[in-house]
1. What are the residues in region B:71-112 that are aromatic (Phe, Trp, Tyr) and either in contact with a helix residue (DSSP H, G or I) (Cβ under 7 Å, 6 or more places away or on another chain) or surrounded by 15 or more Cβ atoms within 10 Å (Cβ to Cβ) (or both), if any?
2. Scan region A:102-128 for residues that are in contact with a strand residue (DSSP E or B) (Cβ under 8 Å, 6 or more places away or on another chain) and of a type in the set (A, V, I, L, M) and jot them down.
3. I need the full set of residues from region A:206-227 which are within 19 Å of A:Asn373 (Cα to Cα) and either more than 14 Å from chain B (Cβ to nearest Cβ) or in contact with a strand residue (DSSP E or B) (Cβ under 8 Å, 6 or more places away or on another chain) (or both), in order please.
4. Only one of these conditions is not met by B:Gly164: (1) surrounded by fewer than 17 Cβ atoms within 10 Å (Cβ to Cβ); (2) without any contact (Cβ under 8 Å) to a residue 12 or more places away in the chain; (3) of a type in the set (Gly, Ala, Ser). Which number is it?
5. Answer yes or no: is there a residue in region A:8-16 that is of a type in the set (D, E, K, R), outside any strand (DSSP E or B), under 30 Å from A:Thr351 (Cα atoms) and at pLDDT below 95.
6. Can you confirm whether region A:72-85 contains a residue that is at pLDDT 95 or above, outside any helix (DSSP H, G or I), in contact with a Ser or Thr (Cβ under 8 Å, 6 or more places away or on another chain) and surrounded by 20 or more Cβ atoms within 10 Å (Cβ to Cβ)?
7. Among (1) part of a helix (DSSP H, G or I); (2) polar (S, T, N, Q); (3) away from chain B (no Cβ under 14 Å), there is one condition A:Asn275 misses while meeting the rest; what is its number?
8. Within region B:138-154, does at least one residue satisfy the condition of being in contact (Cβ under 8 Å) with a residue 40 or more places away in the chain and under 30 Å from A:Arg307 (Cα atoms)?
Amino acid sequence: MTMLIERMSYDNGEAIPYVDSRIYSDRGIFEEEVEKIWKKVWLVAVHESELPEPLDFRTMTLAREPIVIVRGSDSKLRAFLNVCPHRGNLILRQPSGSLTVGEPSGNANHMTCMFHAWQFDCFGRCVDIPRAKAGYQDRLRKEDIALKQLPCEVAHGGFVWVSLNTKVGPLSEYIGPAFDIMREELDTEPLTIFHYHKAIIPSNYKLWHDTNSEFYHDYMHYFNRATSMQQKGYFERQYTAFPNGHCTVGSMEVKYDAYQGAQDRVLSFPGMPRNGWKMVDLFPGATYNIRGSSLRVDTMTPLGPDRVMIEFRGLGLKRDTPDEQAQRVRDHNTIWGPFGRNLHEDLLGITGQGVGMQPGSTPRRILHGRRENNTIHDEIGMRHFYKEWERRIGRSPNDPFPETQTAAE
Amino acid sequence: MNVVAKPELKSLDDTIRETIYRACLLLDDEKFMEWLALCAPDFSYRITTYSPEIRRPMTWYEQDVAGLKGMIEMLPKHNTDHGRLTRHVTVYAVDSDPARGEAKATSSFACYRTMLDGINSHIDSGETQLFLIGKYYDRFRIDEHGPHFIERNVFLDTRRLDKGSHYPI
């Protein structure tokens, strides 16, 4: 490669920054990411409208740890490790439900491990151990047992945030001012979910976040070229970087009717122009994306260096009439549903990157070098992410294995 | 016992079945405009499912004839993989009402994708994967030209579609 590339420094402001492709494919680096990032920070888990009633629950896996979020009888949301402290079995097995429905091994209103029928209430307290006295005498009492409770907060549009790190600081410290650009849209009135689907893609999780953090790839989307790139204001959209690896993308007026069959938006969110479009990218793997009438939130679950699950949620206002919600659903699906114009293309993009940078492939340089005064085709969003990644992992993104002689070419 | 009406009713049911199968052949061949010719001008098309995760019914795609035509015309401008979808369909039930000129049918389908370039064409091309399964809930209007689709609800059992698709199912 003949262009100006400085080998040892990721982003010194002069050279063309690049990363070593092994950060997207190396098993050891992936394991470090799980331990040093995913088990340490706040993560978006679910939306509060997925558990509207007391004793509703929702299960998931964060950094390989099974989690259950339960709305207590006091209506408060709590997160627990969804693992029985007896023999390590998964307790709640369905993706969602209500504890008011009894299980074959246990009573209603309890979380029951089907294996040996240990039962826990909505506060995580153990309320029944079958034949406890006979087996444990006085060495173990149910009062001494509880599910491991995890830090859990509801914020930024009613999303439930969870951390596996019991010593994590407040969510507000982690997020800082990153949501200021979307505060009015998210927090003026309650939101509700209308869309959920997921994709498992043979690619690295960071490549999806990269896609969400740069708009140069709009060349891949005819829909975006027609409705945005060729419209006024597109090239003035600004990236803003925030502490802890987060960044935002400023709004523009999208001209939806420039695409055959699409229509300008009728509905919106408080404070949001009908055809506005703004984004918040959150380290290490979530994105809030509002296009006029619908909010899309992506959350990632890394499954391996070359495998990621991405969950896609669509939300509108809780007060929407059925007709209004149907309109938001149509707007959302036009581009963001599994049969939408853009999402399919985005997912094909990172699938191809997964092929080009699969584990064991020759290390190569991946450019992060576009500089355009932090406007829409500037790759500042990615560079900002990798500076935070470097800080947390302790490896340079462009020279992750300085102890070896092999360098990306 | 009405010995005259029964053969006529059976014939209509067979025509409905044949129309469903013909629609699948046209979709498999990506002859989308010919597929639309089997539909009435007021045809509505939806892809729906139910999410146990959020415990809500969901609509993932919804178009009328004009919207479908527009979508089909725009396909060449969009990037996609070039795998081919093949639909295997069994019509389970046809309920026709000749007096009202209406019929409805329930069919089960499995849609396979034979890959060309979806991931790595050198390795994966030629492989057939199950893409999704579900049911077609169809409604027809019957006139002197035969049955025409007035509604198709593609209800998906499969909810993890991974990279998804740009094509009608």
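The values are calculated or read from the model by the stated rules, or taken from the named source; none is laboratory data. In this text, all values refer to a predicted model and were calculated from it rather than measured experimentally. Please note: Cβ atoms are built from the backbone with ideal geometry, for glycine as well, and neighbour counts cover all protein chains shown.
1. Result: B:Phe109, B:Tyr112.
2. A:Met111, A:Ala117, A:Val127
3. Listed by number, the residues that qualify are A:Asp210, A:Asn212, A:Ser213, A:Glu214, A:Phe215, A:Tyr216.
4. Single failed check for B:Gly164: (1).
5. Within region A:8-16, one or more residues are of a type in the set (D, E, K, R), outside any strand (DSSP E or B), under 30 Å from A:Thr351 (Cα atoms) and at pLDDT below 95.
6. Within region A:72-85, one or more residues are at pLDDT 95 or above, outside any helix (DSSP H, G or I), in contact with a Ser or Thr (Cβ under 8 Å, 6 or more places away or on another chain) and surrounded by 20 or more Cβ atoms within 10 Å (Cβ to Cβ).
7. It fails just one condition, (1).
8. Within region B:138-154 (the criterion being in contact (Cβ under 8 Å) with a residue 40 or more places away in the chain and under 30 Å from A:Arg307 (Cα atoms)), the answer is yes, since at least one residue qualifies.
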